[in-house]
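Here is the structure we will look at.
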Amino acid sequence: MSQTALILGGSGRFGRHATRAFSDAGWQVRQFDRQTDDLERAMIGADVVLMGWNPAGYHLWDKQLVPLHDRVARSARRAGSTVIVPGNVYVYGPDAPSPWRPDTPHLVQNPLGRLRREAEARYRHHGTRTIILRCGDFIDGVDSGNWFESHIVKPLPKGFIRYPGDPNAPHSWAWLPDAARAAVALAEIRDRLSDFEDVPFEGYTLSGNDLAAAISRSLGRPVAVKPFQWGLVRLLRPVMPMMAGLIEMRYLWSLPQRLDGARLADLLPDFKPTPPEAALRAALADPVETLAA
C-alpha cells in the first residue's frame, strides 16, 4: 500500500533531497505551496510530513521560528501525521557532554539555541508524533547558503579551504543525500517508534584538517587550511542583520563535538552511509551532474 509524504520546503536544502529519497522509495510525494495551499487541508491523508521550512535568515528567527513549528505541530496532530524534523546541534550548548546522544541535556543559553529548543518543544506540547533527525552541518552539492558550499570550499580552486574555527576540533557533518535516506527509513518504521524520537545522525566527525585531508584524497591533489575571514562578517553586520547570527553561533566551530550514532544504528541496522571521500567527490562535482546522479 502506497504511503504519502507531504514535503514542507521542497525547494530547500533538506526538502529537495527528501523529495527525491521518498520518491525513490516508492512513496507518493506531495509538495506544499506556501502561496496557495492551506496547511491543515494539505495534511489530510499525509502519513508523514517532512518539516523543511525555515525562516529566511537568523534575523527572522525571533518572530517566526517558534510560531512556524507550532503551526505545523498543531496541524499534524489534528491530521494524525508523523512529522520528521531535520534537527541541529544548537540545542546542546557548550556545556553539554559529548558525544551527543538522545538523552543529552539541552543546556543551550544563547538566543538562537533557545529558540531552536523551544521550536522542538512545540511538538511535545501538542502531542504530535515526531521524529527529530538531528544532524551536524550539511554537506551538499548545490550552493544553497550552507557553510560548506558557500564559504568553506569556495577558494578550493586556489588550493585551500577557509575554516571558521579551530581546525583541530572535531566537528559533526551530514551528507544530505544520506540524511534524507535515513529520514525515509525512519518514516517506514514510525509505528515502532515512541511518540517523540530524538535520533542523532552521526554522519562524519571531521576536524577542519580532517576535512581538508578527505577533500585532498577525493580530488587527488593537496588542499591547505586557512582561517575564515570573520573580520569581514563583523564589518557587514550593520548592513546585513543575519550576520549577527553567524557570529552568535561561531563557538560551534571550535567546540569539539560528535553525534552518537548508536540509536540510528539500532533502529536501522542495514543503513549504509556513503564513505566521506565519495560524498565529498560528489559534493564538489558539477552541480548539474550531482543532481542528475
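Scan (1) of a type outside the set (Gly, Ala, Ser); (2) modelled with pLDDT of 95 or more; (3) closer than 30 Å to residue 83 by Cβ for the single condition residue 242 breaks and write down its number.
(2)
Please tell me if residue 230 is in contact with a Phe, Trp or Tyr (Cβ under 9 Å, 6 or more places away or on another chain) and either closer than 21 Å to residue 143 by Cβ or hydroxyl-bearing (Ser, Thr, Tyr) (or both). Quick ask: steps written out before the conclusion?
Working: in contact with a Phe, Trp or Tyr (Cβ under 9 Å, 6 or more places away or on another chain): no; either closer than 21 Å to residue 143 by Cβ or hydroxyl-bearing (Ser, Thr, Tyr) (or both): yes.
Answer is no for this residue.
Give, as residue ranges, the strands (runs of 3 or more DSSP E) completely inside region 9-120 that count at least 3 residues that are over 16 Å from the mean Cα position of the chain (by Cα). Walk me through how you get there before you give the answer.
On the way: elements: 28-31, 48-51, 82-87.
The qualifying strands (runs of 3 or more DSSP E) are 28-31.
Every residue in region 184-196 that is surrounded by fewer than 20 Cβ atoms within 10 Å (Cβ to Cβ) and within 22 Å of the chain's Cα centre (by Cα), please.
185, 188, 189, 190, 193, 194, 195, 196 - these are the residues of region 184-196 that are surrounded by fewer than 20 Cβ atoms within 10 Å (Cβ to Cβ) and within 22 Å of the chain's Cα centre (by Cα).
Which pairs do you get when a residue that is closer than 23 Å to residue 92 by Cβ, found in region 180-202, comes within reach of a residue that is among the charged types (D, E, K, R) and buried (at least 23 other Cβ atoms within 10 Å of the Cβ), reach meaning Cβ atoms under 7 angstrom, with the pair 6+ apart or on two chains?
The qualifying pairs are 198/134; 199/134; 200/134; 201/134.
So how many residues does region 1-45 have that are in contact (Cβ under 8 Å) with a residue 24 or more places away in the chain and under 16 Å from residue 71 (Cα atoms)?
Summing the residues that are in contact (Cβ under 8 Å) with a residue 24 or more places away in the chain and under 16 Å from residue 71 (Cα atoms) in region 1-45 gives 10.
Please indicate, with yes or no, whether at least one residue in region 214-223 is within 19 Å of the chain's Cα centre (by Cα), within 30 Å of residue 266 (Cα to Cα) and either in a strand (DSSP E or B) or at pLDDT 95 or above (or both).
no
Pairs please, first residue from region 55-80 and free of Cβ contacts under 8 Å to residues at least 12 places away in the same chain, second anywhere and in a helix (DSSP H, G or I) and surrounded by 19 or more Cβ atoms within 10 Å (Cβ to Cβ), Cβ atoms under 6 Å, 6+ apart in sequence or on different chains.
So the pair list comes out empty.
Could you check, for region 234-257, whether at least one of its residues is among the acidic types (Asp, Glu) and under 16 Å from residue 148 (Cβ atoms)? Walk me through it before giving the result.
Keep residues of region 234-257 that are among the acidic types (Asp, Glu), which gives 248.
Checking the rest, the ones that are also under 16 Å from residue 148 (Cβ atoms) come to none.
The answer is no, given that none of the residues of region 234-257 is among the acidic types (Asp, Glu) and under 16 Å from residue 148 (Cβ atoms).
Select from region 191-213 the residues that are among the charged types (D, E, K, R) and either assigned to a helix (DSSP H, G or I) or in contact with a helix residue (DSSP H, G or I) (Cβ under 6 Å, 6 or more places away or on another chain) (or both) and write down the one among them that is modelled with the highest pLDDT.
So, considering only residues that are among the charged types (D, E, K, R) and either assigned to a helix (DSSP H, G or I) or in contact with a helix residue (DSSP H, G or I) (Cβ under 6 Å, 6 or more places away or on another chain) (or both), the one modelled with the highest pLDDT is 210.
Hey, which of the strands (runs of 3 or more DSSP E) in region 121-169, taking only ones fully inside, have at least 2 residues that are closer than 20 Å to residue 200 by Cβ?
Fully inside region 121-169 and qualifying: 130-134, 137-139.
Which condition number does residue 164 fail, the rest of (1) farther than 19 Å from residue 254 by Cβ; (2) surrounded by 20 or more Cβ atoms within 10 Å (Cβ to Cβ) being met?
In the conditions (1) farther than 19 Å from residue 254 by Cβ; (2) surrounded by 20 or more Cβ atoms within 10 Å (Cβ to Cβ), residue 164 misses (1) alone.
Output the residue which, of all residues in region 109-147 that are among the hydrophobic types (A, V, I, L, M, F, W, C) and under 26 Å from residue 82 (Cβ atoms), is surrounded by the fewest Cβ atoms within 10 Å (Cβ to Cβ).
Selected residue: 121.
Within region 271-282, is even one residue more than 23 Å from residue 65 (Cβ to Cβ), touching a Gly at 6+ places or on another chain (Cβ under 7 Å), outside any strand (DSSP E or B) and β-branched (Val, Ile, Thr)?
No, that holds for no residue.
The values are calculated or read from the model by the stated rules, or taken from the named source; none is laboratory data. Remember, it's a predicted structure, so these values are computed and weren't measured experimentally. Cβ coordinates were reconstructed from backbone atoms using ideal geometry, including for glycine residues, and neighbour counts include every protein chain displayed.
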